[in-house]
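The values are calculated or read from the model by the stated rules, or taken from the named source; none is laboratory data. What you see is a predicted model; the values in this text were computed from it and never measured. For neighbour counting, all protein chains shown are included, and Cβ atoms are generated from backbone atoms with ideal geometry for every residue, glycine included.
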Amino acid sequence: MENQTIQQKLQKAVELEFATIPPYLTAWFSITPGTNTEASSIIRSVFMEEMLHMILAANVLTAVGGKVQLNKDTMPKYPLLLDFEGKVFRDREFIVNLERLSPSSLCTFLQIELPDDWNWKKDHPKACKPSKEQTADDAEFDVSGYTIGDFYDEIKADLAALVKAADGDESKVFTGNVEHQVDINYYWKGGGLPVIVTDLNSAFEAIDVIKEQGEGATTATVLDGDHEFFGQDEEVAHFYRFNEVLMEQYYSPKDDPKKPPTGEKFTVDYDTVSPIKANATSIDYLYTPVLEKLNNQFNAEYTLMLQQLEVGLTGQPHALFSAIMNGMHGLAPIAYEMASIPIYQSPGNETGAPSFEWIDNKFWDQLQMNSKNNLKRREMGYSNAKAEIFHDGDHVKLIISCDYPAQSNQNTAEQVWDIVSDFSNVKTIFPVLLKNILTYPDQTEYRIGTIRDMTFGDGKTPVQNPSYATEKLTALDKENRSLTYISVAPSSNNVTDYKGVMQVVGDNECTLIWTVTYIQNPYDPNYSNNMTGLFISGENQIGTVLGFE
């Protein structure tokens, strides 16, 4: 084995430890503040220690000459299939969701933290049901070993083998800069402490802290190893902490790990937990602008936190404090507010939840700057439109909104909707660009499936390239004044997977929210800038048509 191989395994360990944090955080965010205080405290204690586990794994990785990567390519995506590849006939896999606190989510957490000597099929709590099967959309994360503990035992064996291959010369294995590791001077107080890794013994110590905090110090106890390692108070390991919430009862220090807890009882009131949407994505908030804004804010903070964590774990440990205190703690108020706001027309009255998606800040900032420049260039008689541009995974998302004032003699919202819903008369919005629209089938009362073919020119004189774009109406909600359309024959190779949503929000005084998402050709960066200016001019044109100054 070479150092590069162990570096890859330790990078996976860092990613695995981080992958547990969004699910634990989501369950915690779903707890209404001031309720279920015991459950809230237990879950919080676990995800704070998961941050320590990530730091410990990062210190070992740094010690063997590796460099931590926390970026768009390494961050977890949900729903996530965790596939534990144990010895023969001991594999197991299950789905990890971002979902509210429930017996089901707690059972998933128990599977994540499963101790080495447990067999989930035989030993799992009766309240836990089998996980749903994997779907094609689920991201997958493979772990060698039946449990996380098995995985770390394999890493320990690999480290020992490297030292043996170096004839016992540990300096040939532990070649990293120790100053790039995180020590107690850059770590907040919590369960456990960082371990500086310089040799095989300290590497084993760091790994043992991760194992014992997760599944217990030994197979004969529910306690972790913090008392032994750090002289701290005795504490129940993560697996048993989650089981305390599921069973609604604390463990006593001498309880049998394979039996229910016998300590003080408490109550978990699931009826007060916010009914947040599971595995939310930014696309779920297209019709709920306030949630879309909060989610974008959360994701921007989340992305910044990941960037600060990577900096803190690769040579500038002082950045770690900012990542945790300003990042992790700054996310909570946003998430709690989202959990209190219903999603528009969501089944079951679901409320919002963070989507934990990466935002490419450089891309986003550049597009924001360009959109402002376009706004200045494209101002018309009525100028009240504004643009926001985001990078949502592979897609670019443009959100252009425009406010229209109330009128005493006519309903402004109805007037704006009359223009927007006239699907094949989009030339009213873009009079300079388009002169002719062909509709299939030819009709004035549009229905799902109507196709509009937008052309350049006056509609009479043949032109070299008459088609600008061909779009299909896929949803029309007159009651809520919204419509959705897709591109079925784009005019160029600049974009794919194009979708637009137009919604008039409000009554009389109103806002038109026009959202388009698409995958942009990376070799044509000006496309988004031009589209932004075009849509801004279109919304301003509506105000001009209605006679607003």
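Considering every residue within the stretch 46-58, establish whether at least one is farther than 21 Å from V311 by Cα and at pLDDT below 95. Yes: the stretch 46-58 contains one or more residues that are farther than 21 Å from V311 by Cα and at pLDDT below 95.
Selection of first residues in the stretch 159-180 that are on the phi > 0 side of the Ramachandran plot and of second residues that are of a type in the set (D, E, K, R) and surrounded by fewer than 12 Cβ atoms within 10 Å (Cβ to Cβ), restricted to Cβ pairs under 8 Å at least 6 apart or on distinct chains, gives an empty result. Residues that are charged (D, E, K, R) and at pLDDT 90 or above were ranked within the stretch 74-107; the one that is surrounded by the fewest Cβ atoms within 10 Å (Cβ to Cβ) is D83. Filtering the stretch 163-193 to residues that are at pLDDT 90 or above and in contact with an Asp or Glu (Cβ under 8 Å, 6 or more places away or on another chain) leaves V163, E170, F174. The sole residue among L61, L56, L70, L10 that is under 15 Å from the mean Cα position of the chain (by Cα) and either free of Cβ contacts under 8 Å to residues at least 40 places away in the same chain or buried (at least 23 other Cβ atoms within 10 Å of the Cβ) (or both) is L70. Residues that are over 30 Å from F356 (Cα atoms) and either loosely packed, with under 15 Cβ neighbours inside 10 Å or at pLDDT below 55 (or both) were ranked within the stretch 376-402; the one that is farthest from the chain's Cα centre (by Cα) is G381. Taken over the stretch 280-339, the criterion of being in a loop (DSSP other than H, G, I, E, B), touching a residue at least 24 places away in the same chain (Cβ under 8 Å) and surrounded by fewer than 17 Cβ atoms within 10 Å (Cβ to Cβ) is satisfied by T281, G315, H318.
E140 meets each of the listed conditions (1) of a type outside the set (V, I, T); (2) surrounded by fewer than 16 Cβ atoms within 10 Å (Cβ to Cβ); (3) in a loop (DSSP other than H, G, I, E, B); (4) at pLDDT below 90 apart from (3).
Against the list (1) at pLDDT below 85; (2) at positive phi; (3) not polar (S, T, N, Q), the condition F356 fails is (1). Cβ-Cβ below 9 Å, separation at least six or inter-chain, first residue in the stretch 381-401 and in a loop (DSSP other than H, G, I, E, B), second basic (K, R) and modelled with pLDDT under 75: which pairs? Going by the 9 Å Cβ cut-off, there are no qualifying pairs.
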